[in-house]
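The structure appears below as structure tokens.
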Amino acid sequence: MSAKNALRVRRVYETPEPADGARVLVDRLWPRGLSKADARLTEWCKDVAPSSELRRWFHHEGPKFAEFAERYREELAREAARPALEGLRERAGQGPLTLLTAAKDVSVSHVNVLIEVLREG
């Protein structure tokens, strides 16, 4: 399985599945009401999460998503995010990788942009 096919997105609140492979939380904040044991994470990768300022500006408002995605890509292009992105690509190359988020609507969340960036690299 190629790294591009090994990437999945799920809400962190969903029950873990064997097909998840490595489970990496890619939110900056810990999900409310979830214990670390229940999350069953392989890693918590805050370094690829949108900045607090960008997250607050976007506030998961669908009409802002295109501009949010552009701004988030700019953040991911910075040197500070490079090691974390490479680490995620490495994990994806070793088997299934599930990126987890607490976002209620995954379709307009940063995780979709992150998946695109990982697949491009």
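Summary table below
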read-out: Single match in 73, 55 (criterion: at pLDDT below 95, of a type in the set (Lys, Arg), surrounded by 11 or more Cβ atoms within 10 Å (Cβ to Cβ) and in a helix (DSSP H, G or I)); value: 55
read-out: Members of region 3-18 that are surrounded by fewer than 17 Cβ atoms within 10 Å (Cβ to Cβ) and touching a residue at least 24 places away in the same chain (Cβ under 8 Å); value: 4, 11, 13, 16
read-out: Matching entry among 21, 95, 33 (being without any contact (Cβ under 8 Å) to a residue 60 or more places away in the chain and on the phi > 0 side of the Ramachandran plot); value: 33
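The values are calculated or read from the model by the stated rules, or taken from the named source; none is laboratory data. Predicted model only: the values in this text are computed from it and were never measured. FYI the Cβ positions are ideal-geometry reconstructions off the backbone, even for glycines, and counts take in every protein chain you see.
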